[in-house]
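Structure, as structure tokens:
The values are calculated or read from the model by the stated rules, or taken from the named source; none is laboratory data. Nothing here was measured: the structure is a model prediction, and the numbers come from that model. Note: ideal-geometry Cβ built from the backbone for every residue, glycine included; neighbour counts use all protein chains shown. Quick note on the areas: whole protein, heavy atoms, side chains included, nothing else; ligands and nucleic acids left out. Shrake-Rupley method; radii C 1.70, N 1.55, O 1.52, S 1.80 Å.
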Amino acid sequence: MLVVFGASGDLTARKLMPAVERLARRRLLPTAFSLVGVARTAWTDDDFQTHALAAVKDAGPGWPSVVKTFSYVAGDYAEGDTFERLRTVLEDIDRAHGTGGNRVFYMATVPNVFASVAGALGAHGLARRTDETPGSFVRLVIEKPFGHDLPSADQLDRDLHAVFDESQLYRIDHYLGKETVQNVLALRFANAIFEPNWNRNYVDHVQITVAESVGVGHRGGFYESAGALRDIVQNHVMQVLALTAMESPATIDAHGIRDEKVKVLRSIATMRPDEVAGNVVRGQYDRGWVEGAEEVGYRDEEGIAAESRTDTYVAARLEIDNWRWAGVPFFLRTGKRLPKRVTEVALGFRAVPHLPFPEGMAKGLGPNALVLRIQPDEGITLRFGAKVPGQAFRVRTVNMDFSYGAAFVEESPEAYERLLLDAMTGDPTLFIRDDEVDQAWRIWDPVLEAWGEADAPLARYEAGTWGPAEADALLAQDGRSWRNP
Amino acid sequence: MAQPVTTLGLWSEETTTVGQVLGALEALRRPEPMPATRTSVMTLVIIARQRGSALRAQEAIHELGGHHPARVLTFWLDPDATEGAPGLAAQVRLLGGETDGKELWFEDIELDVHGAATGYLHSLIEPLTLSDLPVVAWFVDSVPSADDPLLLAADVLLVDTRQLSDDCFPSLASLIDRRPVVDLSWVRLQPWRELLAGLFEGPDFRPFVHHVKRVGVAGRFGPRSLLGGWVADRLDLPDGSVHLTQAAPVSIRLQCEDPSGGTATFEVARLAGGRMVHARADVVGGPTSEAVLQLPEATPAWGLPDALSRLERDPVFESALRRASP
């Protein structure tokens, strides 16, 4: 039984309903599957079902019959009556469908009610711990943000752990549901040719880019209190970094992978306040042209303060202090209103120790690179030097491409589809554990603290460019430059 | 051999966005049986001010078939369209081709841009480029200024000086400091240059290379200027020794006189209507030498495969261009 809090909200309509529909269409839902929506909006079951039908465009013919079983509980999360009525509905469904008390609670709500809803589930007997319910399960799926800094994340964990065991908590970072992110593990640990080169002996530096062409849209109010670092870097970027940099797990399961991710995050030193300015660039976009349209600057967006100092762009240089990566900088960047939407990991390799070609023969030769394209145009590119056909011996950089679309006929599941099914089947491998969240906040808390100072620098960049000049300088000081993906 | 391309899918919209164009590309690829994406080796951006120029360039690309498969973006910049609200109309075609038995898929995106957006084409190009592949901007009937933001989105500029106006050289010379420039006319002149250089091979002819007194180059503005600039630069000839005249097709004639009074002429010319280039060296009172070279068929794609294989700086071309610039 899937119980969605925030059932009348945007996330439910845009992501959860399409994911449930695809799972139903692929016959991956259990026959006794039921969905109960909970929200403040004064809807009936019929209203909710109509909303669910409308939320999925191009739905399969079976969707109306699936939606017909959906129930809805309208009520305030602060009132005990809401949860009493919810319990009655759930018990009725258990009796009717034989769902045996198995529940997945999904928090598609604003984050400030996570703790109170979890507490209410406990208070009203809806959140049994694992050892109290042999043979059945209760799980809680939580959307990011998991706190807004380390102390608030710790407090949220304490509140949740008062009701649920850690093994019952499924913290979603939808990036982990992407096939191409999971493919980082396959590429690294299923192949003999990459892993021997995946270290400081061969890798010069790593660049991780999460670029968006959109602005803040109607999320201005949320974004003002979050910013790019909290919205993207602390979670998505750090997860991608961890998968890229971690050691080989003993087994590809929840413990194996998450233990290794935590180990690599622990290897990233906590920045001192005086190190922040030299390693992290905070930027905010001004007016400019993106995708053929003139866009306003961030401070002119709806719901944004005229003197806002919120980060819409972050570029950072991190070092991983372990045997594998010592001395290899990891450059991270994310931003809104960049020229294109793209997410990628690029490993730049060291130059050969000796280039036996005269300068003129190799002038078109760039450094070797392995680029993992996460979205769009999912795939992998290996850049290497090759001889240009002809009498002369000239060497130029060429690409060898692997394309997901070309290699596999199977349609990839959407991230939410994959993660929702994992939560229902009890596989937490692609969900984030509490210690991962803590480590990520531990790394970025000093930066947030430094940015809280009144004189902390805020670089400007024109919308439609790849970010502020200060971000270029961050790499240029070591003789490197950003890729233009 | 490359076979002509065929259209596998088509989508068009009078008022659209880049996001919709990318969505349309994905939707067109999805039903195709297997290699649905990256068989392209570059993103080729055609920028035209005349509809006819744009169509000729597209025809040339399609003639290449599966050789140099590219995502092709065509911008037709209607000068009357710079007024009014920004707008974008698009037509997307998924194309199939075959090279040596291997199937290739690539895309052709035609964009009509209106209003102020015509001044910010780079913002449309960047999201439509393929990652990690060179972006070639082909200016088919104009030369951008050195501060054109379009240059930010391009790795290499492709032009054809045969199609450009007589005042294009200073602009081109200023561009080569910012991006590599590849000129189709220069590529097509390679037989003339090779034949002319070959005429000076051998002890009877080589001494004359240091005693060129007069050079006459006939042809259209771009080719004759480049050929004249090349000879003047390579032989370090004084200003005023190269005489350019309007004619077609291209020919070059060098008149030489050594200190002992020996004279010789070296000439490379294509006869009108033919595809043979004839080269002849004639030492007065001495030996003669001749060579002939067959040119490829004069199709719209003449020179294009070679040009697209040279996506890097060419110092010889750049020197010839600088020397040819007033």
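Does the stretch A:50-112 classify as rounded, prolate or oblate by the C-alpha gyration tensor (a ≥ b ≥ c root eigenvalues; a/c under 1.5 gives rounded; else a/b over b/c gives prolate, otherwise oblate)? Intermediate results must be reported in sequence, preceding the final value.
On the way: a/c = 2.23, a/b = 1.31, b/c = 1.70.
Oblate, because a/c is 1.5 or more while a/b does not exceed b/c.
Keeping all protein chains in place and using 1.4 angstrom, which order do A:R87, A:R40, A:R282 fall into by accessible surface area, from largest down?
Numbers: A:R87 80, A:R40 135, A:R282 15 Å².
These residues rank, largest area first, as A:R40, A:R87, A:R282.
Please sort A:455-467, A:285-297 by packing, taking for each peptide the average over its residues of neighbouring beta carbons within 10 angstrom, highest first.
Values: A:455-467: 18.9, A:285-297: 20.9.
For the peptides A:455-467, A:285-297, the packing ranking is A:285-297, A:455-467.
With all protein chains present and a 1.4 Å probe, how do A:D438, A:D253, A:D173 order by accessible area, largest first?
On the way: A:D438 40, A:D253 60, A:D173 0 Å².
Highest to lowest solvent-accessible surface, that is A:D253, A:D438, A:D173.
Select from B:L88, B:L226, B:V215 the residue farthest towards the positive end of the dipole of the stretch B:83-228; place +1 on Cβ of Lys and Arg, -1 on Cβ of Asp and Glu, and compute about the Cα centre.
About the Cα centre, the residue reaching furthest to the positive side is B:V215.
For every helix of n ≥ 4 consecutive DSSP H residues, a contribution of -39,500 (n - 2.57) applies; sum these over chain A, divide by its total residues, and give [θ] at 222 nm rounded to the nearest 500 deg cm²/dmol. Please list the in-between numbers first.
Values: 15 runs with 154 residues, N = 485.
My calculation for chain A gives -9500 deg cm²/dmol from helical runs alone.
At A:H124 and A:D47, where each label point lies 7 Å from the Cα along Cα→Cβ, what is the point-to-point distance in nanometres?
Each label point lies 7 Å from its Cα, and together they span 1.8 nm.
How many percent of the alpha carbon pairs in the stretch A:2-143 exceed a separation of 28 Å?
The calculated P(r) of the stretch A:2-143 puts 13 percent of pairs beyond 28 Å.
What do you get for Rg/Rh over the stretch B:46-182 if you use C-alpha atoms and the Kirkwood form of Rh?
Numbers: Rg = 15.2 Å, Rh = 15.8 Å.
Expressed as Rg/Rh, it is 0.96.
Provide the three semi-axes, in whole Å and in decreasing order, of the ellipsoid equivalent to the protein assembly as shown as defined by the square roots of 5 times the Cα gyration tensor eigenvalues.
Working: eigenvalues 765, 154, 116 Å².
The three semi-axes for the protein assembly as shown are 62, 28, 24 Å.
Mind checking the full-extension length gain between A:K263 and A:D455? Use 0.36 nm per residue of separation minus the Cα-Cα distance, one decimal, nm. Intermediate values should be presented prior to the final figure.
Numbers: separation 192, 0.36 × 192 = 69.12 nm, distance 3.46 nm.
Value of the extension gain: 65.7 nm.
With viscosity set to 0.692 mPa s and temperature to 37 °C, compute the Stokes-Einstein D of chain A, Rh being the Kirkwood radius across alpha carbon pairs; µm²/s, no decimals. Spell out each step's value before the answer.
Values: Rh = 24.4 Å.
Calculated translational D: 135 µm²/s.
Angle check, please: helix A:254-266 long axis (alpha carbons) against the longest principal axis of chain A (alpha carbons), in degrees 0 to 90, nearest 10.
That works out to roughly 50 degrees.
Roughly speaking, what is the stretch gain from B:E59 to B:T299, that is 0.36 nm per residue apart minus the C-alpha to C-alpha distance, in nm to one decimal? Mind showing how you got there, number by number?
Numbers: separation 240, 0.36 × 240 = 86.40 nm, distance 0.95 nm.
The B:E59-B:T299 span can extend by a further 85.4 nm.
Whose amide H sits under 5 Å from the amide H of A:E295, counting only residues 5 or more places off or on another chain, with H placed in the peptide plane?
A:G288, A:W289, A:V290
How big is the gap, in Å, between the Cα center of the stretch A:155-180 and the Cα center of the stretch A:60-121?
Result: 18 Å between the Cα centres.
Taking Cα atoms, how many degrees apart are the long axis of helix A:415-425 and the longest axis of chain A, rounded to 10 and kept between 0 and 90?
50
Describe numerically, in nm with one decimal, the distance between label points set 7 Å from Cα along Cα→Cβ at A:S152 and at A:D58.
That separation, rounded to one decimal, is 3.7 nm.
Calculate the spin-label point distance for A:D76 paired with B:K213, positioning each point 7 Å from the Cα along the beta-carbon direction, and give it in nanometres.
10.7
Within the set of other residues whose C-beta is less than 12 Å from the C-beta of A:S116, count the net charge using Lys and Arg as +1 and Asp and Glu as -1.
On the way: positive: none; negative: A:D76, A:E79, A:D159.
Computed value for this residue: -3.
Starting from the Cα-Cα distance between A:R350 and A:R324, subtract it from 0.36 nm times their residue separation and give me the gain in nm to one decimal.
Working: separation 26, 0.36 × 26 = 9.36 nm, distance 1.49 nm.
Length gained, A:R350 through A:R324: 7.9 nm.
Under a Cβ-Cβ cut-off of 14 Å, what is the net charge of the residues other than A:Y72 that fall near it, where Lys and Arg count +1 and Asp and Glu count -1?
Values: positive: A:R40, A:K68, A:R85; negative: A:D45, A:D46, A:D47, A:D92.
In short, -1.
Please turn the phi angles of the stretch A:333-345 into ³J(HN,Hα) values with the Karplus equation 6.51 cos²θ - 1.76 cosθ + 1.60 (θ = phi - 60°), one per residue in order, whole Hz, x for glycine and proline.
8, 8, x, 9, 6, 8, x, 8, 8, 7, 10, 7, 10
Taking R0 as 45 Å, what's the FRET efficiency between A:Y202 and B:V292 from their Cβ-Cβ distance, rounded to 0.05?
After rounding to 0.05, the efficiency reads 0.25.
Sequence-distant or interchain residues sharing an amide H contact under 5 Å with B:V250, placed H: which?
For B:V250, whose amide H was placed from the backbone, the distant partners under 5 Å are B:R270.
What is the set of long-range amide H partners of B:R49 at a cut-off below 5 Å, with H atoms built 1.01 Å from backbone N?
Those lying under 5 Å, H to H, from B:R49 are B:L77, B:D141.
Mind pulling the angle between the C-alpha long axis of helix B:315-324 and the longest principal axis of chain B? Nearest 10 degrees, somewhere in 0 to 90.
Helix B:315-324 sits at roughly 70 degrees to that axis.
Eight or more residues apart or on different chains, and alpha-carbon atoms under 21 Å: count the Lys pairs in chain A matching that.
Taking chain A as the scope, the lysine pair count is 12.
Which shape class applies to the stretch B:188-294: rounded if a/c is under 1.5, otherwise prolate when a/b exceeds b/c and oblate if not, where a ≥ b ≥ c are the square roots of the Cα gyration tensor eigenvalues? Walk me through the numbers before you get to the answer.
Details: a/c = 1.95, a/b = 1.26, b/c = 1.55.
In terms of gyration-tensor shape, oblate.
What percent do you get for the relative contact order of the stretch B:188-294 when only Cα pairs under 8 Å and 6+ apart count? Write down the numbers at each step before the final one.
Values: 203 pairs, mean separation 28.4, N = 107.
Rounded, it is 27 percent for the stretch B:188-294.
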